[in-house]
Amino acid sequence: MLKGLLVDIAASGSASGKKSLALAMLIPATAAGIMQEWLAVPGVAISIFFMAIGFEYEFLQVRLAARKRKVLAAWPIVVESLESAALAGMSLLEALRDLAESDQLYVAGEFAEVCRSIDSGVSFASSLDALKNRLATHASDFTIELLKVTNEFGSSGYVSSLRNQTISLRQDAATQAELEAKQGWVVGTAKLAVIAPWLIVIVLSIRPENAALYRAAPGTAILILGLVGSALALKMVYRIGALNLKTRVFA
């Protein structure tokens, strides 16, 4: 699970996964401490701690989705550039350098990092594996694996594979945009419905008599049960609202 989080953090564009993860744990602890100091209701403080973690996870998923959309939007250009370079007789490394020097390409910096890695002595395959982890999309996975195979065994079928992928990517982009537009508002509304009761609990806890009830064992148990129920509800929201699109095969 920790490894998966670090991969997601790297794929979201963060420079240091471990530092980001440490900061992500500090924020919920601080929020819970402030809430405990303010209301002195342990059940609410515990709930705030886990809710803050949930918000951070949601923020990470939003960043991942946004970056994934940008990578997928740029990827047909990447594939077409690789195809043109192959037809022009350029080597794979020259083709990667050409992508790295593109001023308008969203992923140009990622290819520049690959070139720097190869120039520093890291193997071609290892440099591409690092790129695959940073981009983390099914489209980039396929292209990167194709580059690795071509580098090792030769270019037979390389150009035709790139051409077929370009056609597939442009068809998938139109379908995915339509599905995401229809799904987004439904899932967002469901998440607000899960969060709303906790805002009411916090407001009620401001009154001393309500805070005293929540501090008691039955009140704490109700809050913990409510937290578990909210977590299960959110899991159902994610499960029901998940789009059945292409997943990573070469991750």
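Every number here is computed from the coordinates shown, using simple stated rules; none is lab data. Predicted model, so just to flag it, every value in this text is computed and none were measured. Don't worry about glycine lacking a Cβ; one is built from the backbone with ideal geometry, like all the others, and counts go over all protein chains shown.
Quick notes on this structure:
- Every residue from segment 56-82 that is among the β-branched types (V, I, T) and exposed (fewer than 14 other Cβ atoms within 10 Å of the Cβ): V62
- Positions within segment 69-86 being closer than 18 Å to V149 by Cα and of a type in the set (A, V, I, L, M), in sequence order: V78, V79, L82, A85, A86
- Options I53, I46, I27, I34: the member that is of a type in the set (V, I, T), crowded, with 16+ Cβ neighbours inside 10 Å and without any contact (Cβ under 8 Å) to a residue 40 or more places away in the chain: I53
- Whenever a residue of segment 59-88 is on the phi < 0 side of the Ramachandran plot, its partners that are among the basic types (K, R), lying with C-beta atoms within less than 7 angstrom and at least six residues away or across chains, give the pairs P76/R170; E83/R163.
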